[in-house]
1. Sort segment 398-442 into rounded, prolate or oblate with this rule: let a ≥ b ≥ c be the square roots of the eigenvalues of the Cα gyration tensor; rounded if a/c is under 1.5, and if a/c is not under 1.5, prolate when a/b is larger than b/c, oblate otherwise.
2. Using Cα positions and a limit of under 18 Å, work out the aspartates and glutamates in reach of K407, with same-chain residues fewer than 8 apart set aside.
3. What aspartates and glutamates sit close enough to K603 to cross-link, taking a C-alpha to C-alpha distance under 15 Å and skipping anything fewer than 8 places away on the same chain?
4. As an exercise, use a Förster radius of 41 Å and the Cβ-Cβ distance of E7 and V350 to find the FRET efficiency, rounded to the nearest 0.05.
5. Where both partners of a DSSP beta bridge lie in the chain, what percent of those bridges are antiparallel, to the nearest 5?
6. Which pairs, out of K751/K825; K37/K268; K349/K435; K277/K359; K263/K333, put more than 29 Å between their alpha-carbon atoms?
7. Calculate how steeply helix 377-387 sits against the longest principal axis of the alpha-carbon atoms of the chain, using the helix alpha-carbon long axis, and give the answer as 0 to 90 degrees to the nearest 10.
8. List the residues of segment 871-911 whose backbone N lies under 20 Å from a point placed 7 Å from the Cα of S636 along the Cα-to-Cβ direction.
Amino acid sequence: MKSFLEEVLLDIKDTEKDISEVSFIVPSKRAGLFLKKELLALYKDKTVFAPEIISIEEFIEELSGLRQIDNTETLFEFYDAYLHTHTTLEKENLDTFCGWAQTLIYDFNEIDRYCVDYVSFFSYLSGIQDINHWYLQEEKTQLIKNYISFWECLLDYYIAFRDALIRKGVGYQGLLYRRASENIQTYKSTTERNHVFVGFNALNNAEQTIIQELLESEKARVFWDADCFFMENKYHEASLFLRGYQKNWSFYKEAPFEWITDKFSKEKNIKIIGAPKNVGQAKYVGELLTTIPVEEMENTAVVLADESLLLPVLNALPETINSLNITMGMPLKETPIASFFELLFAIHKVSNPQGVYYKSLLELLNNPASYWLLGDTASKVIEVVSKENMVFVAYDQIEDKIEQEKKTALKLLYSGWKDTRSALLICQQLIKQLKQNLDRERNALELEYIYHFYTIFNKLTILNDSYTYLNTIQSLHQFYKDILTTDTLDFRGEPFRGLQLMGMLESRCLDFETVIITSVNEGVLPAGKSTNSFIPYDLKKAFDLPTYKEKDAIYTYHFYRLIQRAKNIYLLYNTENDGVGGGEKSRFLRQLDKDRRPAHHIKKQLISSEVPKIQTALLTVEKTEAVIGRLQKLASYGLSPSALTSYIRNPIDFYYKYVLGIKEKEEVEETIAANTLGTVIHNTLENFYKPFEGKFLTVTDVKKMMDIIDQEVTSEFKKVYSSLDIKRGKNFLIYQVAKRYVYNFLQSEKKMLEQGRKLKICHIESNLKAKVEIDELDFPVFIKGKVDRIDELDGVLRIIDYKTGKVVKNDVVLLDWEVLTEDFKNSKIIQVLAYAYMYFKEMGSVETMQGGIISFKNLKEGFLSFGKKETPRGKANIEITEDTFLAYLTQLKKLIVEIFDMKRPFIEKEV
């Protein structure tokens, strides 16, 4: 297969005496590289001076005499012109200006590239805005007047902006094109070189003017890559522009149109593949590449219509790929250090005297760049913040918790950004610190990231010093994001060896035998309608500016030109409807069916990943000698009622918590958790009742307690979380709930005493422990726990457990002893009876007692005592006697024997 570039060079060789006198102008630098390769192959047996090979952008810059500036600098220059034009009008700040100026600069670009008469154009535009909105409104408000005035001033803004740039010898792309077209007469009269334009398609008016002038003066040739199938089919968008040039350019009234070939109708194997999601496409690309012989790899291209697939495709490449050339860069915004600075901006855009919000700080410290900067100190700070429940974290609170050598780096993260200059200085210092901490050999890629961010912040510093308008962190952040969006991390590789991985635009003028194109979906290929313009559709049509129809035609040409000479074509699309570029396959795939030539072999296929059958078996952990040994230690220390009920709820949870000792991760409680509320209430009541152990309680005692509820509850909250703000938001409501619970409880106690009842406090928060004799086990087993309160009410001993959650009577009533340890709903009974049994063993002998729960959410029912019913409708017996303990211990022993049974594994319960 002869490539298009090879055919061009063969023709030039036959017609030009001295190829070194020719200037080749190509659509991109990439095309220029491949042209040099073909040139080297053509003249391998002969020594010649190489011709000039430049991209169209370089040629336009040469013609215009201006230097092209980037988007960010363009914005600043436009803002400067905006401020110094119509100075009597109120001007917007830079942040607001950027919201509309970028779109307007894009429109300026189009107007200049297409050499539109800007005076009449802006006159029409302001008139349209007036008619569209308020022309018929008799009385115009100041807002309306300002709006109309803005559109009327656009011409003056444009002229001032253009003239200011020309005075400095610079310009945006469109301005360079307009100036180049204006200078072409002078250029063609002074140059002796012959120009060869290769592989162009959609030309703007400035390019058309330049090329036609050079053609007419016989100082240029143009080689189009057209196909007769598209040129003859008037409906086909692939030749929309080329048909126009052939028909409308006066040069082609007599001269031939070079070239129209018949490559598309040749034999082709076309495979259309639907894959689920982008990852599915990337994986399938990897599988396809394994089927291509290594010797054919140099003539194979993977073209990513959606360039965000770059990383997934790179990760999916097979090991058979020895050489790879990537013509697109990896967006810097996808690197770890980009998210690091994004988080840093987010923290410093909002100033809080209390410190940094813990979620923002933890997110920053968990970023890889923070570990490059701080090492293990990042983990220590995270641990301190979680352990001490810091919602807002000030540097002073953590300074003494970290090593001296890491304090400088951490302080840089915390240093306040007073203005844009200090912000940029701190960012530059952070980059220097990162560079110092990374090893040149082991962290080569990370250092490459850092270097690119070093250049970004240097650029921002130069802009900040050159212009006085960048005066807020918000505007600095906006320009930082603008630069980051366009900046890429370029890959290094051999340009002509191995597999070629590229985007659609990099494929211009290039030909491959095997082509794999991904994301051939509507919204990606073609991109669809774009509204990033202030110019209405009708006005674009009137002034021959490109609309979405012309943009679709550009994509159509690129797509068909890419497969024009290829023999094996794989077209992948996303079958999943997950937003833009998903679900609907591109119209190009449907059109390809319509354009099918006799020599085309088209196959369609839907693929899906192999989904393994999900095993629903419950988790099972066999008991080993080590597990039994751990359980025996636990038994000698004492099994708590919570441990026993945890086993009933789910044996696997018991295994994780009590055998492996896995604790729940400590997390910052921004809002007071339910267990924290319970702790506060328990501790408050302990403080109130502890001094009365062994004494009878009086109404006066309770009243004294009620008088200091506020200070006690506040004190307990501070003990649990010293930095938690309980004076506002949800925490304030929870704080009020805690006070109300304690008040209501004391109120019920007071009411009971006022009725003449006698209440003696025996024990508060008493630690209990008792041995459980189990014949089947040859080692001692103890149960232990802390009972909230033991008292005597009118001579009746009561074992009481406080619950801040809601408990009802049925929760502590039992019908059948046999099911006691089979259902978690009996957990409160197991707990109450465990406390009662331990107290019974400690005292040696108790004739009778009651055990139960006081629920703070259900205080109206008072003391909810344990009861045993013989029948569902029968009366519950609330007395706890030795017979009760015998029945209880029978079930308890069965449960403990099961826990220690070597042959019975821990089996997960279905939730």
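Throughout, read-outs are computed from the coordinates displayed, never taken from laboratory work. Please read these numbers as outputs of a predicted model, since none were measured by experiment. Here the Cβ positions follow ideal geometry from the backbone for every residue, glycine too, while neighbour counts run over all protein chains shown.
1. On the way: a/c = 4.10, a/b = 1.14, b/c = 3.59.
In terms of gyration-tensor shape, oblate.
2. Correct list for K407: D376, E383, D396, E399.
3. E267, D593, D595
4. Values: r = 61 Å, r/R0 = 1.49.
With R0 = 41 Å, the Cβ-Cβ based efficiency is 0.10.
5. 35
6. Working: K751/K825 32 Å; K37/K268 26 Å; K349/K435 25 Å; K277/K359 32 Å; K263/K333 40 Å.
Going by Cα-Cα distance, K751/K825; K277/K359; K263/K333 fall outside the 29 Å limit.
7. 40
8. 896-897, 899-902
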